[in-house]
Amino acid sequence: MKTTDVTALGEVLIDFTGNGADKAGNPVFTANPGGAPGNVLAMLAKLGRRCEFIGKVGDDDFGDLLEKTLKEAGIGTNGLMRDKKTGTTLAFVHTHEGGERSFSFYRDPGADMMLTEDEVDEEVIRNSRIFHFGSLSLCDGPCRKATRKAVGAARSAGVPVSFDPNLRESLWDSEEEALRQICWGLENCDILKISDNELRFVTKEDDLEKGAAMLLRRYPGIAFMTLTAGEDGSAAYYKGRRIAVPAVHVGNPVEKTGAGDTFCGCVLDGLIRHGLDGLSDENIRETLSFANAAAALVICRKGAFRSMPERREIECSVSAGDNMKK
């Protein structure tokens with residue numbers, strides 16, 4: 001009997017998102033809890049899933065805020081470590097027209113990079129239905145070894161491994177190193193969530209369908225892959241089948257922070273609900289529609305972690321989208 005639905009390892013950090021300007025015209029930023037693996041768990045917790053987080057924050061006020069936020073969300077924090085020498089990682093999110101973003105990271109190093117192998121509780125991973133991680137914990141520092149240990153523990157226990165490349169090129173020493181570490185993640189995952197720009201980065205192929213086919217040939221261990229393409233919706237690739245679902249529109253985008261993580265959390269929820277083996281086209285279509293709607297809702301809000309929608313809210317958006325098609 002598994003005690004946890006999803007355990008995720010990686011970064012939780014503070015996203016400073018733009019919030020207008022003060023009277024003197026200086027930009028004002030709001031401190032929002034974030035970090036891709038944490039965001040994924042926040043969405044899953046909203047959906048009633050039992051979640052555990054493994055990672056490290058600084059022994060500072062931001063670390064206190066993140067620990068409090070995880071606990072308030074109902075995410076287990078036994079695997080959350082504190083570093084007395086290295087501060088919590090910070091990211092400034094610069095929002096551009098249409099909700100697109102660029103990032104400035106203060107992580108040289110950040111506490112999330114300092115997680116060690118000895119601090120990874122393998123028993124928590126073995127008792128999970130899914131283990132999830134991203135590429136940022138593979139960038140450098142002790143956390144790369146900690147991530148590889150965690151993935152190895154999951155694979156040896158038969159726990160499906162979920163991976164999101166979550167490409168942030170500015171955090172890597174070189175494009176070559178980013179590609180090398182992301183490819184390691186691709187080699188060691190069963191479930192993959194990848195975006196259109198990440199697919200192009202990995203395959204060097206502009207045609208998304210050719211790129212998807214290339215990736216699945218190269219990494220046959222990937223049992224279930226989702227591809228997100230913004231306004232063009234999403235697609236899943238499973239046992240030689242491709243199921244595509246259009247995007248859902250619920251309002252004007254404010255910023256796109258957390259959209260991919262929200263989508264990923266909803267997909268993992270669907271896979272837990274239906275099982276990874278024997279998925280029907282309808283199972284997949286239902287999961288993608290739900291995930292698309294959740295992502296559409298979160299981009300209409302500031303921040304990510306504390307802005308995750310409720311299940312009923314997502315279901316209403318799916319129903320509204322279906323009615324518009326009729």
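I'm checking my understanding of the structure. Among residues of the range 146-180 that are outside any helix (DSSP H, G or I) and free of Cβ contacts under 8 Å to residues at least 24 places away in the same chain, which one is surrounded by the fewest Cβ atoms within 10 Å (Cβ to Cβ)? Here the residue is GLY158.
CYS183 meets each of the listed conditions (1) surrounded by 17 or more Cβ atoms within 10 Å (Cβ to Cβ); (2) without any contact (Cβ under 8 Å) to a residue 24 or more places away in the chain apart from (1). Among the residues making up the range 2-60, those that are surrounded by fewer than 21 Cβ atoms within 10 Å (Cβ to Cβ) and among the basic types (Lys, Arg) are LYS2, LYS23, ARG50. Those helices (runs of 4 or more DSSP H) of the range 246-326 in which 1 or more residues are of a type in the set (Phe, Trp, Tyr), at negative phi and under 18 Å from the mean Cα position of the chain (by Cα) occupy 259-274, 281-298. Across the range 209-219, the qualifying residues are those that are touching a helix residue (DSSP H, G or I) at 6+ places or on another chain (Cβ under 7 Å) and either aliphatic (A, V, I, L, M) or touching a residue at least 60 places away in the same chain (Cβ under 8 Å) (or both), and the one among them that is surrounded by the fewest Cβ atoms within 10 Å (Cβ to Cβ) is MET214.
Applying the criterion of being in contact (Cβ under 8 Å) with a residue 12 or more places away in the chain and part of a helix (DSSP H, G or I) to the residues of the range 193-208, the residue that is surrounded by the most Cβ atoms within 10 Å (Cβ to Cβ) is LEU199. Of the residues making up the range 19-62, those that are under 29 Å from ILE194 (Cβ atoms), part of a loop (DSSP other than H, G, I, E, B) and over 14 Å from the mean Cα position of the chain (by Cα) are LEU47, GLY48, ARG49, ARG50. For the range 270-286, the set of residues classified as more than 16 Å from ASP190 (Cβ to Cβ) and either in contact (Cβ under 8 Å) with a residue 24 or more places away in the chain or among the β-branched types (Val, Ile, Thr) (or both) consists of ASP281, ARG285, listed by residue number. Out of GLY38, GLY18, GLY98, GLY79, which single residue is modelled with pLDDT under 90 and on the phi < 0 side of the Ramachandran plot? Step by step, each of GLY38, GLY18, GLY98, GLY79 is checked, and only GLY18 is modelled with pLDDT under 90 and on the phi < 0 side of the Ramachandran plot. A Cβ distance below 8 Å, combined with a sequence gap of six or more or placement on separate chains, defines the contacts here; from the range 110-121, residues that are assigned to a loop (DSSP other than H, G, I, E, B) reach residues that are acidic (Asp, Glu) and crowded, with 23+ Cβ neighbours inside 10 Å in the pairs GLY110/GLU11. Apart from one condition, MET225 fits all of (1) under 22 Å from LEU167 (Cα atoms); (2) surrounded by 17 or more Cβ atoms within 10 Å (Cβ to Cβ); (3) in contact (Cβ under 8 Å) with a residue 60 or more places away in the chain; the exception is (3).
The values are calculated or read from the model by the stated rules, or taken from the named source; none is laboratory data. Note that this is a predicted model, so its numbers are computed, not measured. Positions of Cβ are generated from backbone atoms using ideal geometry, with glycine treated the same way; all protein chains shown enter the neighbour counts.
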